[in-house]
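Take a look at the structure below.
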Amino acid sequence: MNILAIETTAVPGSVAVAADGTLLAELRLPESPRAAASLAPTLRDLLQKVDWHPKDVNLVGVTVGPGQFTSVRIGVVSAKTFAYAVGAEILGLNTFDVVAYQTPKLADYLAVIGDAQRGQIVGRAYVWTNDRGWAFFEDSGVVQLQEWLETLGRKGSVAVTGTGLHRFAQTVGPAVTVAPRELWDPTATTVAQLAYQRYQAGERGDVWTLKPIYYRPSYAEEKRASATSGHR
């Protein structure tokens with residue numbers, strides 16, 4: 001199975017191709033111009049690098065967030081457009097699941113975090129299992145990092161990783177293990193590996209229903225929700 005992987009939730013993002021679970025090539029997206037302008041030509045260069053025609057791709061794997069509005073949307077829309085155009089299947093992967101997949105066991109629980117702005121984070125926690133590695137435990141919602149980590153710490157030892165550490169690493173207390181910096185950001189290589197694993201396990205996606213996941217609602221949505229709540 002030929003897999004095209006797209007990851008735009010990290011900065012600068014990356015794309016990769018793999019044959020089954022074997023990586024063939026990966027390219028990082030240039031930080032300038034913005035991903036919206038650079039993604040298409042980088043995908044073209046990537047396919048040329050391995051001598052693939054677009055229709056050689058059988059499966060497109062893409063991170064769907066949580067992430068910032070523009071970056072997540074660019075990746076998801078591009079993946080859906082490509083898959084539809086060439087008749088490939090598609091799988092959307094939670095960005096935090098991708099980061100957890102590339103992280104070894106560092107503690108009983110793993111907290112993967114993203115920067116939700118306004119001094120808050122969005123996170124997803126995993127618990128280590130001997131048969132499946134990191135398994136989903138809970139989503140944090142939009143919270144203060146220390147409060148959430150303290151709650152997890154009452155259950156067992158905790159490690160933390162994710163793109164949110166680029167901002168919050170210095171605020172993590174000594175009781176929590178910080179993952180190595182090279183593991184904080186999701187990569188297209190990991191997207192390809194996880195997409196293949198889940199596809200082999202029977203998971204399927206739908207190009208029509210796949211949607212991005214954002215760190216928090218847009219300002220307009222938050223304002224509308226606040227106004228609605230105030231009229232109750």
## Note on the structure
In debye to the nearest 20, the charge dipole size for the chain, taken about the Cα centre with +1 at each Lys and Arg Cβ and -1 at each Asp and Glu Cβ, equals 580
#### Entry: Portion, in percent, of the accessible area of the chain that falls on carbon or sulfur, probe 1.4 Å
50
### Message
What percentages make up the Cα-Cα pair-distance distribution of the chain when the bins are 5 Å wide from 0?
### Response
1, 7, 14, 18, 18, 15, 12, 9, 4, 2, 0, 0
### Task
May I have the pair-distance distribution P(r) for segment 22-77, computed from all Cα-Cα distances with 10 Å bins from 0 and rounded to whole percent?
19, 52, 27, 1
### Task
Can you find, among H166, T187, F136, the residue farthest towards the positive end of the dipole of the chain? Put +1 on the C-beta of Lys and Arg, -1 on that of Asp and Glu.
H166
### Query
Once the other residues with Cβ under 12 Å from the Cβ of K211 are scored (Lys, Arg +1; Asp, Glu -1), what is the net sum?
+1
### Mean projection area, nm², convex hull over Cα of segment 81-207
8.6
### Message
Can you tell me, using C-alpha contacts under 8 Å and at least 6 residues apart, the relative contact order of segment 126-212 as a whole percent?
### Response
18
### Summary
Cβ-Cβ cut-off under 10 Å around T189, Lys and Arg +1, Asp and Glu -1: the net charge is -2
### Enclosed volume per residue, in Å³, of the convex hull spanned by Cα atoms of segment 166-205
119
### Summary
The answer for the net charge of residues other than V142 whose Cβ lies under 9 angstrom from its Cβ, with Lys and Arg +1 and Asp and Glu -1, is +2
### Message
Given the DSSP H assignment, sum -39500 (n - 2.57) over each helix run of at least 4 residues in the chain and divide by its residue total; what's the result at 222 nm in deg cm²/dmol, nearest 500?
### Response
-10000 deg cm²/dmol
### Task
Considering Cα pairs under 8 angstrom that are at least six residues apart, work out the relative contact order of the chain and quote it in whole percent.
24
#### Entry: Accessible surface, per residue, of segment 1-159 when the full set of protein chains is kept, probe 1.4 Å, Å²
44
### Rounded to 5, percent antiparallel among DSSP beta bridges of segment 1-157
75
### Query
Once all Cα-Cα distances of segment 1-118 are split into 5 Å bins that start at 0, what whole-number percent is in each one?
2, 11, 21, 23, 20, 13, 6, 3, 1, 0
### Query
Using DSSP loop states and a limit of at most 15 other Cβ atoms within 10 Å to flag GluC sites (Glu not before Pro), what is the longest stretch of the chain containing no flagged site?
32-202
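The values are calculated or read from the model by the stated rules, or taken from the named source; none is laboratory data. Quick caveat, the model's predicted, so the values are computed rather than measured. Neighbour counts are summed over all protein chains in view; Cβ atoms, including those assigned to glycine, are modelled from backbone coordinates with ideal geometry. Heavy atoms of the whole protein, side chains included, go into the accessibility calculation; ligands, DNA and RNA do not. Shrake-Rupley method; radii C 1.70, N 1.55, O 1.52, S 1.80 Å.
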